[in-house]
Amino acid sequence: MNQQLDKMHELLVSQHEALYEKLDTAADDETMQAILTEMKEIRHRIDVVQNLLFRETTQALSTAVKKVSQADSDLTDALSCAESAAAIVKGVGSFLKLVDQAIDLAKTLAPMAL
């Protein structure tokens with residue numbers, strides 16, 4: 001199993017759970033809908049990463065996942081103080097941009113020989 005992709009999978013699951021918990025404190029229907037939409041976006045990436053867990057690793061992928069890890073911390077901070085739908089979408093969007101770059105890189109790697 002690719003340890004970098006496994007780590008990214010864990011980060012995605014954690015952020016999905018954090019958004020779920022944020023539903024309880026959503027200020028209005030617009031914010032609640034934004035949270036649900038972003039949860040769907042993250043869930044899609046969780047599914048994609050699960051299908052890539054047995055890809056080879058490279059230094060480039062390791063670097064990409066490190067960037068995702070930093071963005072994960074930034075998103076956690078952003079969600080802790082985000083009150084509006086726009087703030088939530090902006091924070092998740094920045095995070096998912098880096099996730100998508102790492103996923104695209106992983107897709108280009110040959111499957112690991114088992």
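The values are calculated or read from the model by the stated rules, or taken from the named source; none is laboratory data. Since the model is a prediction, treat every value here as computed from it, not as a measurement. All Cβ positions, even for glycine, are placed from backbone atoms using ideal geometry, and neighbour counts span all protein chains on display.
Observations, loosely collected:
- When K90, K40, K67 are checked against the criterion of being assigned to a helix (DSSP H, G or I) and either farther than 26 Å from T25 by Cα or among the acidic types (D, E) (or both), a single residue qualifies: K67.
- Some residue of region 68-85 being modelled with pLDDT of 95 or more, of a type in the set (S, T, Y), surrounded by 14 or more Cβ atoms within 10 Å (Cβ to Cβ) and more than 13 Å from M8 (Cβ to Cβ): no
- Scanning region 14-31 for residues that are hydrophobic (A, V, I, L, M, F, W, C) and buried (at least 16 other Cβ atoms within 10 Å of the Cβ), we see that the one that is farthest from L109 (Cα to Cα) is A26.
- Conditions (1) in a helix (DSSP H, G or I); (2) free of Cβ contacts under 8 Å to residues at least 60 places away in the same chain: number failed by E83: (1)
- Exclusive hit being part of a helix (DSSP H, G or I) and within 14 Å of Q101 (Cα to Cα), set S14, S62: S62
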